[in-house]
Ligand code: F6R
């Protein structure tokens with residue numbers, strides 16, 4: 001595991017974008033595993049900028065996203081599909097048919113999960129998987145639990161998440177209760193992992209993930225077993241690891 005230190009969010013974003021762009025330059029038909037959330041926004045902005053400057057070409061790239069809310073249509077501004085269009089995919093020359101995200105409108109969970117696992121398999125696996133980390137060390141929607149989930153699965157969101165999301169919806173009925181997410185096995189099968197973290201709120205999770213015991217109670221801790229992990233984190237996110245003299 002290689003840990004790159006960045007002084008702040010912007011530097012973290014630029015370093016992460018550098019790693020992704022190196023991948024795309026070395027393998028123009030790379031399969032990129034992508035994430036949503038606030039962590040990758042700066043990375044995506046940087047990639048769009050380099051694309052506009054003519055330094056990057058995504059015409060042969062395929063993408064697979066980690067997760068999507070169940071029940072939300074792609075046109076819903078809270079859907080991860082919408083997020084990806086707004087923040088990356090709609091601004092680069094990736095072919096829409098080469099982009100993949102779980103179908104939030106599929107009500108048959110078993111069908112959707114196997115369809116998504118098959119997509120990843122048919123693409124020959126993920127070359128580099130970008131990951132944010134939750135304050136509780138979740139990755140994708142793999143929440144702390146008793147076991148590591150394997151493939152794509154349907155997750156019941158925690159009451160906390162449902163409550164927190166309710167501010168984005170006009171009524172409680174519209175707030176998604178479930179999400180589709182890649183499982184730990186999908187993530188671990190990626191040939192390379194790029195984990196990004198910024199801010200003091202992530203310090204404990206990052207320490208537990210990288211240096212604590214490997215346990216489903218800390219989902220990101222499984223990454224310690226992956227042979228090819230790059231962590232790019234800013235000073236605040238690394239504060240606990242540094243305090244303990246581990247870096
Ligand atoms: C996003 C995802 C989540 C986030 C995590 C961190 O697709 O799967 O695991 O990466 O919740 O979120 P932010 O970056 O908003 O702190």
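Every read-out reported here was derived from the displayed coordinates using simple, explicitly stated rules and does not represent laboratory data. Note that this is a predicted model, so its numbers are computed, not measured. Virtual Cβ from ideal backbone geometry, glycine too; neighbours counted across all protein chains shown.
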Legend entry - Compactness of region 104-247 as Cα Rg over 2.2 N^0.38 Å, two decimals: 1.11
Inset, instruction - Using R₀ = 51 Å, calculate the FRET efficiency as 1/(1 + (r/R₀)^6) where r is the Cβ-Cβ separation of residue 45 and residue 146; round to 0.05. - result: 0.85
Inset, instruction - Report the FRET efficiency, 1/(1 + (r/R0)^6), for residue 22 and residue 121, where r is their Cβ-Cβ distance and R0 is 22 Å, rounded to 0.05. - result: 0.30
Inset, instruction - Using only Cα positions of region 1-60, each an equal point scatterer, no hydration layer, compute I(q)/I(0) via Debye at q = 0.22, 0.23, 0.26, 0.29 Å⁻¹ and quote the log10 values to two decimals. - result: -0.94, -1.02, -1.21, -1.33
Legend entry - Choice from 84, 12, 26 showing the highest fluctuation, given a GNM over the chain with Cα pairs closer than 10 Å: 26
Legend entry - Exposure proxy ranking, count of Cβ atoms within 10 Å, fewest first, for 230, 58, 168: 168, 230, 58
Inset, instruction - Give me the distance in nm between label points sitting 7 Å out from Cα along the Cα-to-Cβ direction at residue 1 and residue 78, one decimal. - result: 3.4 nm
Inset, instruction - Once every Cα of region 166-247 carries one equal point scatterer and solvent is ignored, give the base-10 log of I(q)/I(0) from the Debye formula at q = 0.10, 0.22, 0.23, 0.27 Å⁻¹, two decimals. - result: -0.34, -1.02, -1.07, -1.27
Legend entry - Rough spin-label spacing in nm, given labels placed 7 Å along Cα→Cβ, for residue 8 and residue 52: 2.1 nm
Legend entry - Within region 115-247, percent of DSSP bridges classed antiparallel, to nearest 5: 40 percent
Legend entry - the chain: calculated mean residue ellipticity at 222 nm from DSSP helix runs of at least 4, using -39500 (n - 2.57): -9000 deg cm²/dmol
Legend entry - Cα shape, region 140-210, gyration tensor, a/c 1.5 rule: oblate
Legend entry - Where only C-alpha atoms are counted, convex hull volume of region 80-139 per residue in Å³: 131 Å³
Legend entry - Length gained when the stretch residue 105-residue 225 is fully extended (0.36 nm per residue, less Cα-Cα span): 39.8 nm
Inset, instruction - Take the Cα radius of gyration of region 1-141 and divide it by 2.2 N^0.38 Å, with N its residue count; two decimals is plenty. - result: 1.04
Inset, instruction - Mind giving me the nanometre distance, one decimal, between the label points for residue 136 and residue 114, set 7 Å out from Cα along Cα→Cβ? - result: 3.0 nm
Legend entry - region 128-168: proportion of alpha-carbon pairs further apart than 17 angstrom, %: 40 percent
Inset, instruction - Could you line up 236, 55, 173 from fewest to most neighbouring Cβ atoms inside 10 Å? - result: 173, 55, 236
Inset, instruction - Would you mind calculating the gained length between residue 162 and residue 211 on full extension (0.36 nm times residue separation, minus the Cα-Cα distance), in nm to one decimal? - result: 14.6 nm
Inset, instruction - Pick out which of 122, 27, 70 has the largest mean-square fluctuation in a Gaussian network model of the chain, springs linking Cα atoms closer than 10 Å. - result: 122
Inset, instruction - Can you check how the C-alpha radius of gyration of the chain compares to 2.2 N^0.38 Å, as a plain ratio? - result: 0.96
